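The values are calculated or read from the model by the stated rules, or taken from the named source; none is laboratory data. None of these values were measured; they are calculated from a predicted model. Here the Cβ positions follow ideal geometry from the backbone for every residue, glycine too, while neighbour counts run over all protein chains shown. Calculation scope for accessible area: heavy atoms of the full protein, side chains included, ligands and nucleic acids excluded. Shrake-Rupley method; radii C 1.70, N 1.55, O 1.52, S 1.80 Å.
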Amino acid sequence: IDMNHFLPSVATPRTNTLTQLEDSCEKNGAHLHILGLEKPFRGLAEKFHQTAEFIESLNDDDVLLFVDAYDTLLLASPEKILETFCRLNVPFLASGEKVCWPDAECASSYPAGKTSFQYVNSGTYIAKVKALREFFRSISPIDPKEDDQRLMTSYFLQHPEKLTLDEA
């Protein structure tokens, strides 16, 4: 697994919260790849487009941890995170959240959750590159103006066996 490409994020403007993420990565020995910095913001799904390009040269078995640039801190080393992910033995794990957003009417389509964090949150996910390629292909062409969480929710509801929610 190529740990040099483990941790990408997409950010257009530099903000204090991005600096906090960078600091937390440094403290945990992680190299953060900031994609799209100082480029114009084209929409929420731009992060999927940027990430799809980022993984083009990676191996199918590599693992990538995507984190939101503006509301995430890294609290463990990449090795510890990877170890935990590998123990779960799933190809694609996305954050769970308590609110079904942006389409609350989709809530009844979700399977019953183990906890109240039963809805997709596209801000943080970890996956094998092969699973990510499949996800990005299924939502292509990626319209940057689309809602990223809506795209991931739709994928999850259509393919619950391919995307696991982290409800912890």
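With the requirement that a residue be under 16 Å from residue 6 (Cα atoms), part of a helix (DSSP H, G or I) and either more than 14 Å from the chain's Cα centre (by Cα) or of a type outside the set (A, V, I, L, M, F, W, C) (or both), what does segment 32-57 give you?
Kept after step one, since they are under 16 Å from residue 6 (Cα atoms), are these residues of segment 32-57: 32-35, 47-48, 50-57.
Retained after the next criterion (residues that are part of a helix (DSSP H, G or I)): 47-48, 50-54.
Residues satisfying the conditions are 47, 50, 51, 53.
Which numbered condition in (1) open to solvent by less than 30 Å² (accessible area, probe 1.4 Å); (2) in contact (Cβ under 8 Å) with a residue 60 or more places away in the chain; (3) farther than 13 Å from residue 51 by Cα is the only one that residue 152 fails?
(2)
Just to be sure, is residue 74 open to solvent by less than 50 Å² (accessible area, probe 1.4 Å), under 23 Å from residue 148 (Cα atoms), part of a strand (DSSP E or B) and not hydroxyl-bearing (Ser, Thr, Tyr)?
On the way: open to solvent by less than 50 Å² (accessible area, probe 1.4 Å): yes; under 23 Å from residue 148 (Cα atoms): yes; part of a strand (DSSP E or B): no; not hydroxyl-bearing (Ser, Thr, Tyr): yes.
The answer is no for residue 74.
Would you confirm, using the coordinates I've provided, whether residue 68 is touching a residue at least 40 places away in the same chain (Cβ under 8 Å), open to solvent by 30 Å² or more (accessible area, probe 1.4 Å), touching a Gly at 6+ places or on another chain (Cβ under 6 Å) and of a type outside the set (Val, Ile, Thr)?
Values: touching a residue at least 40 places away in the same chain (Cβ under 8 Å): yes; open to solvent by 30 Å² or more (accessible area, probe 1.4 Å): yes; touching a Gly at 6+ places or on another chain (Cβ under 6 Å): yes; of a type outside the set (Val, Ile, Thr): yes.
Yes; evaluated as a whole, the condition is true for this residue.
Taking segment 102-135, which residues are among the charged types (D, E, K, R) and assigned to a helix (DSSP H, G or I)? Give the derivation first.
Our first condition is that a residue be among the charged types (D, E, K, R); within segment 102-135, this holds for 103, 105, 114, 128, 130, 133-134.
Hits for segment 102-135 are 105, 130, 133, 134.
Taking residue 89 and the conditions (1) of a type in the set (S, T, N, Q); (2) touching a residue at least 12 places away in the same chain (Cβ under 8 Å); (3) surrounded by fewer than 17 Cβ atoms within 10 Å (Cβ to Cβ), which numbered condition does it fall short on, given that it satisfies the others?
(2)
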